[in-house]
Each structure stands twice: as structure tokens, then as C-alpha cells.
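The values are calculated or read from the model by the stated rules, or taken from the named source; none is laboratory data. Keep in mind the model is a prediction, meaning the values are calculated, not measured. Heads up, the Cβs are rebuilt from the backbone with ideal geometry, glycines too, and the neighbour counts pull from every protein chain shown.
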């Protein structure tokens with residue numbers, strides 16, 4: 001038995017983007033599902049799936065990442081291996097193609113859980129990750145438009161909640177994947193370019209175990225939404241603690257999102273998978289493109305929102 005679920009971020013997209021968004025997450029899930037069917041680990045599967053989304057400029061991760069206030073792409077990513085609680089994370093990383101693979105290298109080649117900024121880039125280069133510019137022309141054009149609009153309100157840059165409330169199009173999103181392999185092991189992976197026009201050096205929830213992702217022996221979870229809120233709430237860990245205490249995963253996702261909304265307010269989304277191979281998705285945003293592959297279930301289910309039609 002194996003299963004994988006992939007998401008492309010919580011947010012809102014125009015109807016004409018539904019087909020390509022669902023195609024993107026379906027392609028990623030198919031890639032990860034193929035790895036699982038071949039006997040690869042859940043860790044291999046989630047990294048492979050997230051890597052597909054990092055290469056797709058439609059999503060805010062890797063190629064096509066949003067740009068910070070000074071016009072740079074500073075990327076965050078994280079991975080976690082449930083059986084041993086091993087974790088690797090990278091923050092404010094520039095000029096690599098696949099941040100999630102650098103995060104894995106941190107987990108496997110260092111004694112650390114998180115590296116950030118220029119030091120993380122030096123490690124990536126020493127491990128053979130070549131120079132790569134992830135900034136697309138579309139991302140640059142969007143930055144130019146947004147930056148021009150924000151010139152009239154520079155004092156707001158240091159107050160992110162108000163900035164996002166008044167300018168919701170600045171909000172970022174995260175791509176992620178969770179998987180169960182045929183050996184019963186669970187893993188998760190996340191990657192993001194973060195929030196548009198963020199202050200240089202800003203780190204979100206994606207590279208923080210317990211906030212943006214978590215995997216243990218009971219379940220694996222990946223989150224998306226306003227990172228500062230999930231960092232304060234400990235969203236991913238809140239789910240796994242409930243599942244460990246005996247709550248069904250689907251109920252845990254719903255309860256945690258409700259709690260997050262009551263305490264802090266957020267258009268957040270979560271995906272999770274438990275040791276029985278039951279993939280679940282829940283979100284409090286208009287859309288959250290996602291796709292699922294399971295052993296014994298024919299085809300790939302992909303949708304823009306919970307309960308949505310299958311994508312093409």
C-alpha cells in the first residue's frame with residue numbers, strides 16, 4: 001500500500017487557470033506515485049513531486065518564485081522523514097533550481113536542521129548544485145507592478161498582517177507533498193518563494209518543522225497560507241499531536257484549521273496522510289489545487305478545491 005497527495009498552494013485563481021493548475025499538481029502526483037510504485041521511499045516520492053512543481057513556473061516555488069522587496073528570489077524549503085524525525089530545511093536561499101533538494105542535502109550531509117542565506121548557498125555549491133536563476137520574466141513583471149503600487153506606502157512594509165489585509169495579492173503560497181510508502185514510512189516536503197515584496201531575509205513557515213510541515217510515525221502534514229500565522233500557531237504539529245492522541249486525520253485537519261482561524265485568522269490549507277494511507281485535504285481558502293495517487297485506485301484525482309471536479 002502506498003499513497004501521495006500534492007498541493008499547489010492555498011489562494012484564489014481565475015477560472016481560466018483551473019486546467020493548467022490541476023494539470024500541474026496531477027503531473028507532480030503522478031511523478032511521486034511512480035516512484036512509490038517502483039518501491040522508492042516516501043521521502044524520494046515527496047521530493048520528486050515537489051521538484052516537479054519547483055520546475056513549473058506556474059507555482060510559487062523554485063522557478064517562478066515571487067520576489068522580495070529588493071527584487072530577489074529568496075526561497076524556503078523543508079523535508080521531514082517520519083520514521084526517525086530527521087529533518088532538513090533551507091531558508092532565504094537564492095540562485096538554485098531545486099531548494100527542496102538542498103533541504104534534503106542538509107538533512108543527509110550535515111548535523112543541522114536549518115541553514116539560511118549565503119551560508120546555505122555556499123553549502124549548496126560545495127555539494128554540486130550549480131548556479132541557476134529562478135526569476136522568470138512573469139515574476140519580474142509582477143514585481144514591477146506591485147512595487148510601483150507600494151511606493152506610496154513604504155511605512156507598511158514592516159507590518160505584514162496589515163500589508164496582506166490591505167493588499168491580498170501580495171500573499172504567497174507554498175507547494176507541498178506528503179506520502180506513505182509500501183514499507184509504512186511517512187514523509188513530507190514543502191517549497192516556496194514566499195510572499196511578494198517581503199522584507200529581505202524574511203523566513204516563512206515552509207522550512208520550520210511543526211509550523212509548515214511535520215512527519216512522524218502517525219501521519220505527515222504539509223501546510224500553506226500566511227506563514228507568520230502558522231509559525232505562531234504550530235499548525236502542522238498541532239495536527240500530528242491530535243492524530244497521535246487518536247483523532248482521525250480528517251477531523252484533525254478540520255479542527256486545527258478552525259482553531260487557527262479563531263485565534264489568528266488565516267486563509268490556510270492543509271494536506272495530510274496517515275499510516276493507513278488515507279490522504280486528506282482541507283482548506284479555508286477559495287482554491288487549493290491538489291492531486292492524489294493511491295495504490296489500488298485507478299487514475300489520478302486532481303481538483304482545484306475540496307469537492308471540485310477532476311481537472312484535465
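Scanning the stretch 279-307 for residues that are surrounded by fewer than 16 Cβ atoms within 10 Å (Cβ to Cβ) and either touching a strand residue (DSSP E or B) at 6+ places or on another chain (Cβ under 9 Å) or in a helix (DSSP H, G or I) (or both) turns up 286, 295, 297, 299, 306. Could you go through the stretch 260-274 and let me know if any residue there is more than 16 Å from the chain's Cα centre (by Cα), closer than 12 Å to residue 223 by Cβ, assigned to a helix (DSSP H, G or I) and touching a residue at least 12 places away in the same chain (Cβ under 8 Å). Yes, some residue in the stretch 260-274 is more than 16 Å from the chain's Cα centre (by Cα), closer than 12 Å to residue 223 by Cβ, assigned to a helix (DSSP H, G or I) and touching a residue at least 12 places away in the same chain (Cβ under 8 Å). The condition (being farther than 16 Å from residue 90 by Cβ and out of contact with any strand residue (DSSP E or B) (no Cβ under 6 Å at 6 or more places or on another chain)) is satisfied by just one residue among 269, 261: 261.
Here the helices (runs of 4 or more DSSP H) wholly within the stretch 27-144 that include at least 2 residues being surrounded by fewer than 16 Cβ atoms within 10 Å (Cβ to Cβ) and out of contact with any helix residue (DSSP H, G or I) (no Cβ under 6 Å at 6 or more places or on another chain) are 99-109, 117-126. Residue count for the stretch 11-27 under the criterion of being closer than 23 Å to residue 43 by Cα and either modelled with pLDDT under 90 or under 13 Å from the mean Cα position of the chain (by Cα) (or both): the result is 1. The residue list 184, 225 contains one member that is surrounded by fewer than 23 Cβ atoms within 10 Å (Cβ to Cβ) and on the phi > 0 side of the Ramachandran plot, which is 184. Of the strands (runs of 3 or more DSSP E) lying entirely inside the stretch 182-230, those containing at least 2 residues that are out of contact with any helix residue (DSSP H, G or I) (no Cβ under 6 Å at 6 or more places or on another chain) and in contact (Cβ under 8 Å) with a residue 60 or more places away in the chain are 186-192, 219-224.
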